[in-house]
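So the structure is just underneath, and the comments pick up after that.
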């Protein structure tokens, strides 16, 4: 195993002292399915809950989830079958107990969503409609509004939060850093409220626990399906506070994201895997169905397999994208089953009813994140994490389609089951001796281009080494102004450096981590996890051996 480098980044974000303060027993950072479920489940168990969201309450990644939520809900399906598919997709890197919790507690969690008011699609006989996506051997994806599942779940959860008067919400607020007490535990968090509401500027919320549910790191890359708020803030904040980040190298690139041209940046339109689940298929510029023979499930193979196949064919042919053919589904089916995708594609000048859809892989989901146990506890007392910001162990090296919404549900419920009894006493923050720093917001575009070209779908030792050098150069830039752009850029740099080092250290191909110079999986050397840790701005990696799990299926 190569030596893990030590990387220097800010130990905390440069920020003005808090100009206002408030208190809450529990602060929930994030307003997607994970954060709102945690807040709702904690209601009545703790005295005061504060939900902090970077945008408005209904924004975030959950609303963009098209395909649906996976659970063993069908008459011929079982949690054991769902578990098997999850372990296979995870390529030997899953935590068995976490996966077992996910699939066995999943059905009840979905039924609780329905009881809350979520309107899933049903067939004419009133039976819950279920479909299939990549890596699943059963129809187990519940969906709403055809392809607007996330938006419907977000609507139901937001309405429930608005009815819960004991839950306070602060919108347009960026979480800056955690406040730590003499024991190294959480006793608060600093926020910057971005010009909205009564609390403008930086303030402090003193609390007894923090639940991180702030989403992923998609904006590390030039093209992503993630919204603009997904700048890795929660992961960076936790790392700076002493919580290990696990499995950062396992970034899932969704294979079918609508290609908008070489200069397109930021959030890109997702063409849900459910479209292929309903019969669409991939073709190259000559009309060849190139997924045939690549995997037993062909176009419905796990996402890493499809993303690799598309990228390989793009490289072989020199083309910037491939095509998704769904013309045979027909206008009526498109309008009923995928109205959102249809409208989005048409808004970009492509009619899927009569035309091929140009697609290419783009960053979609971080399987890694803040390391947690089975109850959402992190390495910092009083800090819990759930959803995409967390690494619970259920996804391993490659998330199975539609398991993400389910993870947020199940593990937020688990946090709420233990947190009230574990609330820490009120305490005061100690003087923060971590070295403050900030890079300019202007480095963001160059950082994204470096990460996309050298740490994206295709990775090599040379490319990763070049990326590390370029990130070190960007880390040397000093921001002249303190503000949201610089805070976000610094968080992106912090996560990018740790991700790049982990990808360089793992000399094998496993799941969504694809090393062209090490094309085979190597369980003898790399069955286990890479944990990124930080001490006053110095990040390093630790390898934690663990037996591969997919041999059990």
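Values in this text are rule-based calculations from the coordinates and carry no lab data. Every value quoted in this text rests on a predicted model; they were computed, and no experiment measured them. Quick reminder, even Gly has a Cβ in these numbers, built from the backbone with ideal geometry, and neighbours come from all protein chains shown.
Throw me the Rg/Rh for the range 13-67, computed over C-alpha atoms with Kirkwood Rh, two decimals. Working shown, then result.
Values: Rg = 13.8 Å, Rh = 12.9 Å.
Ratio of gyration radius to Kirkwood radius for the range 13-67: 1.06.
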Fewest-first ranking of 207, 391, using other Cβ atoms within 10 Å as the exposure measure
207, 391
So what is the diffusion coefficient of the range 291-359 in µm² per second by Stokes-Einstein at 10 °C and 1.306 mPa s, using a Kirkwood Rh over Cα pairs?
119 µm²/s
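If N is the number of residues in the range 33-173, what value comes out of its Cα radius of gyration divided by 2.2 N^0.38 Å? The partial results should precede the final answer.
Working: Rg = 16.3 Å, N = 141, 2.2 N^0.38 = 14.4 Å.
Computed over Cα atoms of the range 33-173, the ratio equals 1.13.
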Enter the Cα centre distance for the pair the range 482-553 and the range 193-270, rounded to the nearest angstrom.
17 Å
Over the alpha carbons of the range 287-419, what is the largest minus smallest coordinate on each principal axis, giving the biggest first in Å?
55, 35, 27
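By how many nm would the segment from residue 111 to residue 165 grow when fully extended, if each residue of separation counts as 0.36 nm and the alpha-carbon distance is taken off? Before the final figure, lay out the partial values.
Details: separation 54, 0.36 × 54 = 19.44 nm, distance 2.41 nm.
Extra length from residue 111 to residue 165 when fully extended: 17.0 nm.
Take every DSSP beta bridge whose two residues both sit in the range 1-146, then give the antiparallel share in percent to the nearest 5. Working shown, then result.
On the way: 5 of 10 bridges.
If we restrict to bridges inside the range 1-146, about 50 percent are antiparallel.
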First measure r as the distance between the Cβ atoms of residue 553 and residue 292, then evaluate 1/(1 + (r/R0)^6) with R0 = 30 Å and state the FRET efficiency to the nearest 0.05.
0.75
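Could you compute how fast the range 230-368 diffuses translationally, taking Rh as the Kirkwood radius over C-alpha pairs and applying Stokes-Einstein at 10 °C with viscosity 1.306 mPa s? Give it in µm² per second. Don't skip to the answer; put the middle values down first.
Details: Rh = 16.3 Å.
D = 98 µm²/s.
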Restricted to the chain, the DSSP antiparallel beta bridge percent, nearest 5, is 65 percent
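Cut-off is 10 Å between beta-carbons; in what order do 478, 9 appear when sorted fewest neighbours first? List each step's numbers first, then the result.
Numbers: 478 11, 9 25.
Fewest-to-most Cβ neighbours within 10 Å comes out as 478, 9.
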Order these by the 10 Å Cβ neighbour count, fewest first: 290, 221.
290, 221
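Take the Cα radius of gyration of the range 411-553 and divide it by 2.2 N^0.38 Å, with N its residue count; two decimals is plenty. Before the final figure, lay out each step's value.
Details: Rg = 18.9 Å, N = 143, 2.2 N^0.38 = 14.5 Å.
It is 1.30.
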Averaged over all directions, how much area does the convex hull of the C-alpha atoms of the chain cover when projected, in nm²?
23.3 nm²
For the range 177-309, what is the Kirkwood estimate of the hydrodynamic radius, computed as the reciprocal of the mean inverse distance between distinct Cα atoms, to one decimal in Å?
18.4 Å
What distance in nm separates the simple spin-label points at residue 47 and residue 354, each placed 7 Å from Cα in the Cβ direction?
6.6 nm
With labels modelled as points extended 7 Å from the Cα through the Cβ direction, what inter-label distance (nm, one decimal) is found for residue 542 paired with residue 228?
3.9 nm
Per the Kirkwood formula on distinct C-alpha pairs, the Rh of the range 131-227 is how many angstrom?
17.2 Å
